[in-house]
Structures are given as structure tokens and as C-alpha cells.
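Structure first, commentary second.
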Amino acid sequence: MDKVLPTPTRPEDATTAEDWLAVLADRNFIGGALTGAAASLDVMEPALMRVLGSAAASGEAEVSAAVAAAKAAQPGWAGTNARKRGKMVAEAGRAIIAEAAVLAKLLARETGKAVATECRGELAVAADLLEFYGGLGSELKGETVPFDPSVFATTTREPLGVVGAIVPWNVPLVLTMLKIAPALVAGNTVVIKASEEAPFATLACAVILDRYLPAGVVNVVVGDGPSCGAALTAHPDIAKITFTGSENAGRIVYGAGAQRIVPVSLELGGKSPMIVCADADLGKVVAGAINGMRFTRQGQSCTAASRIYVHESLYDAFLSALKTKLDAMVIGDPLDEATEIGTIINPRQKATIDRYVRIAEQTPGASVLRCGTLPTEDHLAPDLFMQPTLLLDLPEDSPAAREEIFGPVCMIQRWSDYEAVIAAANDSPYGLAATVWTDSLATALDATRRINAGYVQVNQNLTIQPNLSYGGFGNSGLGKEASLEAMLEHFTRKKTIVMAM
Ligand code: NAD
């Protein structure tokens, strides 16, 4: 049943985060309109541990409506000139940047990530992805194939149809745009399943995108995984599933795709190694560890450099410099411009992280080093703030050393034998990202060749870049995101046409 909504009720009148929360309460975005759902769920503001807003709790009925809207819009969208599609998508990216200040606050309130160090940047990358793919409309090319002189053989790239995109809460806007920007430019329409933990900024971006696109091209449903996500993956009109989230949910989603024999892309977890060699520049390494561990995202990153292997000759200096830098980082209100580190997303995730820290504390020979100072402001709830935490001298077979923690917790190991450290780095079911820190070109070439990960960097730790192919090996997933390759390989199908004259 529809609830009475506070004012404003029109998204075009929304100028603050509060306005957006009022407009988006209990809504999905389907066929160009904010529509109600049969049930609702509470979304928390983690820094205050209070209900931020009420979101739609969608199930089969709402998902079916969204897929129907996307299906109806798809032929017209696919029939639009590809460069024109791209220009519309790029224009929407610029519109998102124009509203980035408000959207960043909305994102900060629902995720607990700091505006200054995370949310503003996330909006910029999300918009950049739309602009990047917006320029690639004319790259949807086929090939002519030399065959028989009397026969003309060619290939074309066609859109798949309606794409179902399922995203997590940690970087919801970037991960949404990584999926929908290439899908849209390739001529597909999309139904996004927003995270039930942080749906509002995603919904707001869809509303803004829709101003530049035909109605029904972008749709968003909000709800939990087992009802809303599962209804989307099982829907007979979904031609492709693209999923980012946990390994366990990824297995279920992959199974749903297998039942329907539709392509599935999976971006799952990670436990990414960072190997620091004796000849590395210590200053760069310390900055790289802080950036690589994504401490400003409370470590809630799939590519977090959560296993740091430091050569024994640098270990003490590295640890001391890292602790000094982490101690100086400001943990606090995500909306405060001085804050560098915000909160964990929810109590469940915090309990998971705490469990791994306890494992380390109870492991003989291991130790736990907490850095920084927790905030004491009265208006904040203390529950979900957490200090950057270093796990030292952990055995390699500890669950805390092997499993994804998804919090501001990383293990630091010392090493002396190069072969052993390469083996340790590769001794993981995951293979998402890795970094190597060295001044030696020979070491860099050798390590990058041997490390079992999809995204390997030397002397830096960049996040996802629009034009660099990104995706994991092993249990970290299937398929690539970002880059032209992702659009062609994952959001089009190739048709071979052979014409006898
Ligand atoms: P999650 O798997 O719990 O949820 C992710 C999304 O999947 C949510 O929208 C959720 O509602 C949905 N979902 C859950 N069960 C489902 C089901 N049975 N069917 C369909 N949809 C379902 O993950 P999370 O806690 O939101 O995010 C954290 C995880 O995401 C971590 O494991 C992290 O490593 C991973 N992640 C990976 C990448 C990457 O690029 N590889 C990026 C960010 C996050």
C-alpha cells in the first residue's frame, strides 16, 4: 500500500539529501516513474545508528513490472543510432556531476563513508564511467571475414536485451555505472537491483539518468537478495545477469543463470596481496598501503590490499611509519569535511570483522595493533566506528589470513625468501588484485607474470579505471568490467552473417 509521502514529492524539486530521501521513500524507479512497492524496509544511517529512510522491499511483482518496462523500451533504444545513445549517456554523466554535492551527502549518510575522502570521489568516477562509455558508441563494430570471393561474410554486434544488474553497498554508484554504462551504450536496457543497505543514491542517479534517456531504459528495484535479487535472476526476460557481491551470493546467482542458460558476469571477493621488496621506496609503500587497504573506505573494498608482505629489511620501519600515519587519520562523522574514515556499514558486518580480530588475538604468537582514535562526539553512535587494525605474525593458515574480512583490518607479514613470498601470495582461492613494490624492473616483470590475479600493479595501487579491463581470477569472479572489451564481450552478442551473391 502506498504511504503518504512528505514533501517535496517531485524529484525535480529535490535540492538536499533530505529532499531526496523524502522523494525516494518506499519507491522503485520503473518506466520513468517513482512507483510504490507492496512492502518496505528500513535503511540505517550507520554513523547515527538511526533509521535514515524507508525503502521499497520489492518482490516478484515489482521486479516483473521493472523488467516489462525495460523490455518495452529496449527495441526503440537499440534502434537509436549508437553514437546518439552514447551522447545521451555521457550527458547524463555530466548531469550527475552537476548534482554531485547533494548526492555525495546522500551516499555518505546511507553508507557511512566520508564525503571528503570517498563519496565525492565516487560520484566523480561514476560520472566518468558514463562519459567514457558514452564515447564508445561507434566502437560496436563487426568484422568482415575473408571467405570465398562469391560470398560476403561479416560479423555484427547486437545488444542482448534486458540486463539485470545486481550491486552491493560498498561502492554502489561506481559499481552500478560499471555495469549499466556499457550495457546502455551497447543498446540494452537495464533493471538495477540496488543494495537494500544503501539504495537511495543509486535511485537518485537513475532518476537523473532518466532525464536524458527514454523512459524504461533505466529501471531500479530495491529489495533484499533472496526475494528481489532472486526474482530478477530468475525472470525469463532477463538476457544477462551482471553481479557484484559476495562469493556465496555469487554462487547462487551463477546457478540461477545456469538454469536459464543466460550469460553471467561475477565480480566477487578478494584477499589481495601487496608484496614489498627490499629495494622499494618506503614513503611510497606506506602511502600505497593506506590507499591500497582502502582505509578511507573502512577497508570495505574487494581489492583491499589485506595481505601485506614486507621484506624483513624494511619491516620495522614500514610498520612504525604506517602506524604513525594511521594514528593521524581522522575517524569521525562522515559528513564532516575533516573526516577521513567513517563507519562500517551495519552491525552484522561489524560483528564479522570483530570475529576475525578475535581470532588473531587468540592465536599464539600473533598480535593485534590498533591505530587512530575513535570519535567521541555526542551526536554519533559509537557502534560502527572502528580503528584501522593490523594483524601481525599471523600463521598463513589462519582464517583471518585466508578469508575476506571486508573491514579496516589487514595482516602484515615479514618475508625473506622471494620464492616463498610469491607462493604465499598465490596461496589463496581468490585472484582479484595484487601489487608489487620494487625498484627492479626484473623483479617487477617476474612478479607480475607469476602472480595469480586479474589486476596487478607495480609501485601503485589504483582503484578501477574506466579504460582498464578489470576482473578477478579463481573465486574472485568471472568476466571483465571496465574498458571497451567489457562492453563488447559482456553486453553484446556476436552474429555471423554469410551472404552468397
Ligand atoms: P552480498 O553478496 O550480500 O550482496 C550483493 C548484492 O547481491 C546485494 O544487492 C544483495 O541484495 C544481492 N543478493 C544477495 N543474495 C542474492 C541472491 N540470492 N540472488 C540475487 N541477489 C542477491 O554482498 P555485499 O555484502 O552487499 O557486498 C560485499 C561483497 O561484495 C564482498 O564480498 C566484496 O568483496 C564484494 N565486492 C566485490 C567487488 C568486485 O569488483 N569484485 C566490488 C565490491 C564488492
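The values are calculated or read from the model by the stated rules, or taken from the named source; none is laboratory data. Everything numeric in this text was worked out from a predicted model, so none of it was measured. A quick note on method: Cβ atoms are made from the backbone with ideal geometry, for glycine too, and the neighbour counts reach across all protein chains shown. For the accessible areas, the whole protein counts, side chains as well, though only heavy atoms, and no ligand, DNA or RNA atoms are used. Shrake-Rupley method; radii C 1.70, N 1.55, O 1.52, S 1.80 Å.
Data overview
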{"read-out": "Label-point separation, GLU158 to ASN291 (7 Å along Cα→Cβ), nm", "value": "4.5 nm"}
{"read-out": "Environment charge at LEU213 (Cβ cut-off 14 Å; Lys +1, Arg +1, Asp -1, Glu -1)", "value": "+3"}
{"read-out": "Full-extension gain in nm, SER138 to ASN248, via 0.36 nm per residue minus C-alpha separation", "value": "35.8 nm"}
{"read-out": "Of all DSSP beta bridges in the stretch 273-466, antiparallel share, percent nearest 5", "value": "20 percent"}
{"read-out": "Nitroxide proxy distance, nm - points 7 Å out along Cα→Cβ at LYS84 and MET499", "value": "2.3 nm"}
{"read-out": "Under Karplus coefficients 6.51, -1.76 and 1.60, residue-wise ³J(HN,Hα) of the stretch 311-316 in Hz, glycine/proline x", "value": "4, 4, 6, 10, 4, 5"}
{"read-out": "Chain lengthening between ASP13 and ASP42 when straightened (0.36 nm per residue, less Cα-Cα)", "value": "8.1 nm"}
{"read-out": "Cα gyration tensor shape for the stretch 264-356, rounded if a/c is under 1.5, else prolate or oblate", "value": "oblate"}
{"read-out": "Mean separation of Cα contacts under 8 Å (6+ apart) over length of the chain, as relative contact order %", "value": "17 percent"}
{"read-out": "Fraction in percent of alpha-carbon pairs per bin - 20 Å, the chain", "value": "24, 54, 21, 2, 0"}
{"read-out": "Debye, to nearest 20: dipole size of the chain, +1 on Lys, Arg Cβ, -1 on Asp, Glu Cβ", "value": "1300 debye"}
{"read-out": "Cα-centred dipole magnitude for the stretch 25-144, charges only on beta-carbon of K, R (+1) and D, E (-1), debye, nearest 20", "value": "340 debye"}
{"read-out": "Solvent-accessible heavy-atom area per residue, rounded to whole Å², over the chain at 1.4 Å", "value": "38 Å²"}
{"read-out": "Per-residue ³J(HN,Hα) for the stretch 38-52, Karplus 6.51 cos²θ - 1.76 cosθ + 1.60, θ = phi - 60°, Hz, x for Gly and Pro", "value": "5, 9, 9, 9, 7, 10, 8, 9, x, 5, 10, 6, 10, 5, 7"}
{"read-out": "Among GLY269, ILE241, GLY332 - extreme Cα towards positive end, dipole of the stretch 212-339, charges at beta-carbon", "value": "ILE241"}
{"read-out": "Length-normalised contact order for the stretch 389-501 - Cα pairs under 8 Å, 6+ apart - percent", "value": "18 percent"}
{"read-out": "Charge-dipole axis of the stretch 210-320 as Lys and Arg at +1 and Asp and Glu at -1 on Cβ define it, positive-most pick from PRO226, LEU319, TYR309", "value": "PRO226"}
{"read-out": "Positive dipole terminus of the chain, leading residue within LEU103, TYR212, ALA420 (C-beta point charges)", "value": "TYR212"}
{"read-out": "Rounded to the nearest 20 debye, dipole of the stretch 273-466 from Cβ charges on Lys, Arg, Asp, Glu", "value": "340 debye"}
{"read-out": "Antiparallel bridges, percent of DSSP beta bridges restricted to the chain (to nearest 5)", "value": "45 percent"}
{"read-out": "The stretch 3-73 versus the stretch 92-148: alpha-carbon centroid distance in Å", "value": "22 Å"}
{"read-out": "Partner aspartates and glutamates for LYS141 [C-alpha distance under 16 Å; skip if fewer than 8 residues away on the same chain]", "value": "GLU158, GLU485, GLU489"}
{"read-out": "DSSP loop GluC sites (Glu not before Pro) with at most 15 other Cβ within 10 Å: longest gap in the chain", "value": "144-336"}
{"read-out": "Part-to-part distance (alpha-carbon centres) for the stretch 394-421 and the stretch 237-260, which is given in Å", "value": "30 Å"}
{"read-out": "Theoretical gain in end-to-end length, ASP446 to VAL330 [0.36 nm per residue, Cα-Cα removed]", "value": "37.9 nm"}
{"read-out": "The stretch 59-198, relative contact order in percent, only Cα pairs under 8 angstrom and at least six apart counted", "value": "32 percent"}
{"read-out": "Distant-in-sequence amide H partners of PHE473 (H built 1.01 Å from N, under 5 Å)", "value": "GLY431, LEU432, GLY454"}
{"read-out": "222 nm mean residue ellipticity, helices alone, for the chain (DSSP H n ≥ 4; -39,500 (n - 2.57); rounded to 500)", "value": "-11500 deg cm²/dmol"}
